[in-house]
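These notes are about the structure you will find just below.
Read-outs: derived from the displayed coordinates by stated rules, not from any lab. No experiment lies behind these values; they were computed from the predicted model shown. Every residue, glycine among them, receives a Cβ derived from its backbone with ideal geometry; neighbour counts consider all protein chains shown.
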């Protein structure tokens with residue numbers, strides 16, 4: 001008989017309705033983002049509002065966004081230990097945290113009998129029979145998935161200088177940069193490298209317009225650069241969190257796609273984070289190869 005497993009049960013209470021999820025050791029994100037485990041409505045919080053950790057039977061939480069404020073048992077809360085049975089509140093949404101003994105599950109609590117649906121049980125047995133599930137779900141060596149290195153800044157700091165010297169050349173360079181930035185900006189939602197290039201081009205245009213005293217054009221180029229920069233900084237952050245959640249849930253096929261997107265953000269850069277991405281990609285590739293052999 002398997003030993004009882006201590007789990008964290010989080011009951012989400014909103015307008016009198018209660019849903020619940022349970023996790024073993026790990027973490028959940030609460031926010032409006034599509035990658036979050038507990039989804040808030042857009043008006044209820046930030047894309048990532050709260051992180052709840054459950055390690056070794058202890059519960060802790062960290063507030064990731066300042067508004068709306070978070071409270072622990074009706075006291076202002078920014079982060080720290082969460083006693084079992086306590087309630088975390090974000091606006092009108094309440095999260096009741098308590099430890100239970102059972103089998104982990106995520107998603108809405110059906111209130112019915114435990115166990116998996118028959119179709120899921122059959123599928124799991126088939127996967128186990130061929131060894132595919134075992135190979136893909138085993139933890140990676142030394143558990144590097146749960147401790148990625150700090151990600152580098154997406155954009156370099158410091159002012160950008162206009163590469164042209166004379167007034168005519170600077171004006172030409174500014175207008176050329178804007179035209180190319182507009183073309184790349186159209187492809188930006190589908191190709192991170194184009195978006196990153198568009199930001200750099202708008203920065204160059206800003207510097208060149210400012211150099212020749214074209215203040216209106218410089219301000220517009222700066223505005224476009226700031227708009228794209230904010231979009232990609234947020235997208236980069238969301239993609240990183242999404243990758244960590246996919247790895248934590250052993251959804252390795254989707255994780256490989258996220259790795260490819262993140263590598264596009266950091267194209268031709270070398271640092272601990274890009275090296276970690278490459279190492280995880282190699283490990284997953286080898287794991288899929290082992291799974292194929294085990295069929």
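Figures for the structure shown
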read-out	value
Contour minus Cα-Cα distance for residue 159 and residue 176 (0.36 nm per residue)	4.2 nm
Modelled label reach - residue 193, point 7 Å along Cα→Cβ, region 244-269 residues with backbone N closer than 14 Å	260-269
Inter-probe distance in nm under a simple model that places probes 7 Å from Cα toward Cβ, at residue 285 and residue 253	2.0 nm
Computed label-point distance, nm, for sites residue 234 and residue 39 using a 7 Å Cα→Cβ extension	1.8 nm
In nm, spacing of pseudo-spin labels at residue 15 and residue 226 (7 Å Cα→C-beta vector)	3.7 nm
